[in-house]
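Have a look at the structure below before the remarks.
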Amino acid sequence: MLNLHRIGIPRALAWGFLGVLIFMIGDGVESGYLSPYLLDEGFPRSQVALLFTVYGVTASIAAWFSGALSDLWGPRRVMLLGLCIWAALQVFFLAVAIPAHSMGLLLTAYGLRGFGYPLFAYGFLIWVTAVTPPRRLGSAVGWFWFAFTGGLPTLGSLFASFAVPWVGAYRTLWISLALVLAGGLIALLLVREPVGRSRLAPAGERPVATLLGSLAIVWRNPRIGAGAVVRSINTAAQFGFLVFLPVFFTDTLGFSLAQWLRLLSAMFATNIFFNLLFGVVGDRIGWRRTIAWCGGVGCAVTTLLLYYGTVAAGHNYPLALLLVSLFGATLAGYVPLSALMPSMAPRHKGQAMSALNLGAGVSTFLGPAIVGLFLGPLGVEGVMWIFALLYAASAVLTVFLTLPREAAETAAGAVAARQSAA
């Protein structure tokens, strides 16, 4: 029998990891083809970019609230709220907004649906950090990101690559709703762990103080603020890529939509396995070192390789497969950040996770916003350089991501150095 504890999965939360995987498969079904689908429906490129940006804004707000609300209500109730929002707004999106061919309705339906997946998925991540012992936290969050990116967009895009030719793009979006409901019910009905069923904040702490504290910690503790910025850079390119790479690969490089969807699945199939690897590596060699070199520097290099390599080779599927896989692997280098952030604020773990989730949410609109602003004047090459430079900047920012003990030792060393110099 598989020893879940030995491989880093808290046994009490095992069904939750499966539920998150299936939920995110449903959420990720649209990720590789919604942009070209809407373009084919006659919506201008600028409006499609705006749609993804609005979705990202609401997702970032929900990501912040996921930590604060988990402190107040408990992670399980936050996950339930996220599931209900996603399902209700998806029905409105498909049954009303798309048939009406109204951008206003699309912005309302799809934009508000952005509140759904962060509340569900990041609510579970907070549940994981609340019950996992520190010595196994890196591995546990690695499994969370394995489930998260295994669905969005890896298996979701792979599923779409077969479903869209079979039943059509529109009907595939209805199937995604069924997958989300199945995953949500698995997690909510089968996980019985008691900590996540009640509030995480100390008894007597007022709701307003909890909500404000989850935002104030960003500037009250500059290391947490730096970590939130690093997290926002982490997946900014991922969400930006979903806006313009489908068109770049199909129209410029000559790949079919099915080939692009499989390349996207390969990118994140690699990513999900490296999520596990870098979770373990972070526990062994240090969380901060893993983030800086495997994540920041690695992504800066592979982002440029992805562009220049595919442009030089043209319609070369094996090389494209290799390059997207390299990017997916280095993207996983940021996984230990989910263990490092709550450890930097041990007395306010929920607030630290809110800041982390806020950074994750910001990335969902930062990437599309960069594409919307710079794709026209700078082209694909310029946008790829912007993302590469952001990744390099995130590697530099890890200098500030020190644990309380490390910070104290650094300060003591600086005082000693000044005294000896005097």
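Conditions tested, residue by residue: (1) at pLDDT 95 or above; (2) under 27 Å from VAL48 (Cα atoms).
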site: LEU366; (1), (2): no, yes
site: ALA369; (1), (2): no, yes
site: LEU378; (1), (2): yes, yes
site: TRP385; (1), (2): yes, yes
site: GLU406; (1), (2): no, no
site: THR410; (1), (2): no, no
site: ALA417; (1), (2): no, no
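Given the criteria of a type outside the set (Gly, Ala, Ser) and either at pLDDT below 95 or in contact with an Asp or Glu (Cβ under 6 Å, 6 or more places away or on another chain) (or both), does THR290 qualify? No; evaluated as a whole, the condition is false for this residue. Scanning the stretch 341-363 for residues that are more than 16 Å from the chain's Cα centre (by Cα) and either surrounded by 24 or more Cβ atoms within 10 Å (Cβ to Cβ) or not basic (Lys, Arg) (or both) turns up PRO342, SER343, MET344, ALA345, PRO346, HIS348, GLY350, GLN351, ALA352. Filtering PHE52, PHE23, PHE65 for residues that are in contact with a Pro (Cβ under 6 Å, 6 or more places away or on another chain), buried (at least 21 other Cβ atoms within 10 Å of the Cβ) and part of a helix (DSSP H, G or I) leaves a single hit, PHE52.
Is one or more of the residues making up the stretch 105-122 surrounded by 23 or more Cβ atoms within 10 Å (Cβ to Cβ), among the polar types (S, T, N, Q) and touching a helix residue (DSSP H, G or I) at 6+ places or on another chain (Cβ under 9 Å)? For the stretch 105-122, residues surrounded by 23 or more Cβ atoms within 10 Å (Cβ to Cβ), among the polar types (S, T, N, Q) and touching a helix residue (DSSP H, G or I) at 6+ places or on another chain (Cβ under 9 Å): absent. Looking across LEU200, LEU242, LEU261, one residue alone is among the aliphatic types (A, V, I, L, M) and either within 22 Å of LEU81 (Cα to Cα) or surrounded by fewer than 23 Cβ atoms within 10 Å (Cβ to Cβ) (or both). It is LEU200. Among the residues examined, ALA178 does not qualify as surrounded by 19 or more Cβ atoms within 10 Å (Cβ to Cβ) and among the small types (Gly, Ala, Ser).
The values are calculated or read from the model by the stated rules, or taken from the named source; none is laboratory data. Note that the structure is predicted; figures quoted are calculated from it, not measured. Cβ coordinates were reconstructed from backbone atoms using ideal geometry, including for glycine residues, and neighbour counts include every protein chain displayed.
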